[in-house]
1. Of all residues being among the polar types (S, T, N, Q), under 21 Å from residue 246 (Cβ atoms) and surrounded by fewer than 18 Cβ atoms within 10 Å (Cβ to Cβ) in the range 281-318, which is farthest from the chain's Cα centre (by Cα)? Just the residue, please.
2. Being small (Gly, Ala, Ser) and buried (at least 20 other Cβ atoms within 10 Å of the Cβ) is the filter here, so list the residues in the range 345-356 that pass it.
3. Which count do you get for residues in the range 20-58 that are polar (S, T, N, Q) and part of a helix (DSSP H, G or I)?
4. Might you check whether a residue that is touching a Gly at 6+ places or on another chain (Cβ under 9 Å), modelled with pLDDT under 85, within 22 Å of residue 212 (Cβ to Cβ) and not in a loop (DSSP other than H, G, I, E, B) occurs anywhere in the range 313-328?
5. So, in the range 24-62, of the ones that are of a type in the set (A, V, I, L, M, F, W, C) and without any contact (Cβ under 8 Å) to a residue 24 or more places away in the chain, which residue ends up nearest to residue 112 (Cα to Cα)?
6. Please specify each residue of the range 30-60 satisfying the condition of being under 53 Å from the mean Cα position of the chain (by Cα) and of a type in the set (S, T, N, Q).
Amino acid sequence: MTKFRRKFILYAMLAMFVLLAVLIAAVNITGYAAAANDADRITREPPLGARSFTIGFDKEKNPVPGGENLSGLSDSDAQALAEKLRHEKNGKTGWVNDYYRYRVYKDKDADVKYVTVLDRSREVKTLQSTLVASVIGGAVCLALWFVFLLVITPRLLKPLEDVDRRQKQFIAEAEKEFKVPLTVIAADAEILELENGASEHTQSIRRQVSKMNATARQLAALSLFEQKGEISEYDLSAAAAEAGEHAQTLFTKQGKTLTLDIQPNVRFTGDEDAARNMLTELAGNALKFSLTRATLKLSHTEGGYTEIRCSNDTELELSGKLPQVFDRFVRLDNAEGKPGSGLGLSYLRDAVRAQNGRVEAEVKNGEFIIRITF
């Protein structure tokens, strides 16, 4: 079963669970509320034959019989229960001992506080049976829904999976096919320069070949990101420091600065090669689009999360979240005239998701920020 299928089944099961939970809760809460309202109505004026008793208490808190005890409790138990409930406020209603609905009220004319208790055990047991039956029925529906998803999902998602497979196959083949003609073109341009000297045309050929080679490398990186590497525990701090120190050299060559803020001894379980590629892509993106400076930070936050944060000063006149930067072939306003094809950050997103992480980008106070959380 592919990862996409598992996610689809998980979300479909979750949606069905929420739907059934809301339905079962609504039915049972409505039933209990109706039973309580009906009991409260009866306690105001118990009809003949109702399973209830009423006991009053005068000023001296002495019991004053209010009617025949038909509740099924013995007289002593009924009086003990009424003694317990008489401390309640005037007009108070509620449930006691699971099956008994009570009401405490005061007769101002007689200056007597009455306690009426109604035996609703039959009705409550019926509601309890309904609750159990609905929960069991809901569980059976979930099980049947799961079986249905297992059967129907392969057929339902097969067209999408075929499209995704063909796309990946095309990308892998295109990357391979680019290499040979680009090598030949570059060699021919070099021969022309040796025979006739460098010219504007040969230099243009070299630039275009360089761009195509960069695109081919990005396509190769896509295949690398999508491959599932070996899962192991490794020192993420060391990987971040290594990638950052290498990037600092490139920043210095361009007259820019890269500040490293790496928390030591941060260990992580995942694909180490993919993590190193992510860090390289982060630093490379900051190098390309920063004006003068950038910062690469790694920290282990409270709550057990690992966060990688890369920020750089930017000329973008935007503010807020920028989820679109992770879409393929998307280039923002500051990308004009700079090499690239709009694929780098989409590879980064796929690599982060493959390791169950989350990535987001935003512009805030003149800073372009990419934040990765595991």
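1. Among residues in the range 281-318 that are among the polar types (S, T, N, Q), under 21 Å from residue 246 (Cβ atoms) and surrounded by fewer than 18 Cβ atoms within 10 Å (Cβ to Cβ), the one farthest from the chain's Cα centre (by Cα) is 292.
2. Residue satisfying the conditions is 351 alone.
3. 4
4. no
5. Taking the candidates together, the pick is 48.
6. 30, 37, 43, 52, listed by residue number.
The values are calculated or read from the model by the stated rules, or taken from the named source; none is laboratory data. These numbers come from a predicted model, not from an experiment. Note that we place each Cβ from the backbone using ideal geometry, even for glycine, and neighbour counts take in every protein chain shown.
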